[in-house]
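Notes to accompany the following structure.
Values in this text are rule-based calculations from the coordinates and carry no lab data. Quantities reported herein were computed from a predicted structural model and do not represent experimental measurements. Cβ: placed from backbone, ideal geometry, glycine included. Neighbour counts: every protein chain shown.
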């Protein structure tokens with residue numbers, strides 16, 4: 001189960017994007033801001049769906065809280081993104097999207113794709129659909145963890161294989177075989193895929209495996 005409803009997702013993405021953009025005008029590199037975001041504890045509040053953080057403030061306020069908690073000088077400067085969204089804005093926006101969909105902690109998300117790696121995706125993905133971003137994220141996750149998408153999303157959802165099997169009416173043995181790639185989940189029946197994805201609160205596409213050579 002995700003920490004907050006999808007209705008808050010767009011707000012959360014914009015707030016984190018604005019926070020990264022504010023860090024930019026403060027000459028804080030994305031890699032450094034990501035670290036401060038985690039160390040400050042603000043990332044935990046954000047991923048846990050604390051309404052104050054995901055919808056109750058703007059990105060500038062979020063960035064200033066991060067700075068205050070890690071001991072940075074409190075400097076209040078004008079922040080206006082009306083002229084367009086920066087690469088840093090997109091980086092924060094993308095992180096919020098990937099974290100919500102994967103249900104991983106921000107620490108885990110950033111271990112999968114660092115801020116510098118996320119920034120490099122900007123030229124090809126900032127105008128693409130968010131689903132394409134998620135495809136790239138999950139592909140990188142598979143490469144680094146060697147876990148299947150199913151296993152990662154199941155664990156992030158806090159379900160055991162047995163619990164997933166009971167809720168989806170797909171046998172435990174089948175779940176196990178999909179997770180160790182003994183059986184190809186891409187060839188599972190539409191009924192099984194739909195049932196599993198509904199229990200996990202994700203789309204069918206999120207639990208399919210992709211050819212790493214093409215990622």
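Numbers for the structure displayed
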quantity	calculated
Segment residue 117-residue 183, length gained on full extension (0.36 nm per residue, minus Cα span)	20.6 nm
On Cα atoms only, tilt of 130-145 relative to the major axis of the chain in degrees	70 degrees
Using alpha-carbon coordinates, inclination of helix 87-102 to the longest axis of the chain, degrees	30 degrees
Normalised contact order of segment 87-215, rounded percent, pairs of Cα under 8 Å and 6 or more residues apart	24 percent
Length-normalised contact order of the chain in % [C-alpha pairs under 8 Å, at least 6 apart]	21 percent
Fewest-first ranking of 210, 106, using other Cβ atoms within 10 Å as the exposure measure	210, 106
Cα centroid separation, segment 29-77 to segment 128-188 (Å)	31 Å
Rounded to 10°, Cα long-axis angle of helix 115-125 versus longest principal axis of the chain	80 degrees
Label-to-label distance, nm, for residues given as residue 176 and residue 163 (7 Å Cα→Cβ offset)	1.9 nm
Which labelled figure in [x] 18.3, 58; [y] 15.9, 44; [z] 16.7, 49 is Rg and Dmax of the Cα atoms in Å, once derived from the coordinates	[x]
Least to most buried among 135, 184 (fewest other Cβ within 10 Å first)	184, 135
Ranked list, fewest to most other Cβ atoms within 10 Å of each Cβ, for 154, 2	2, 154
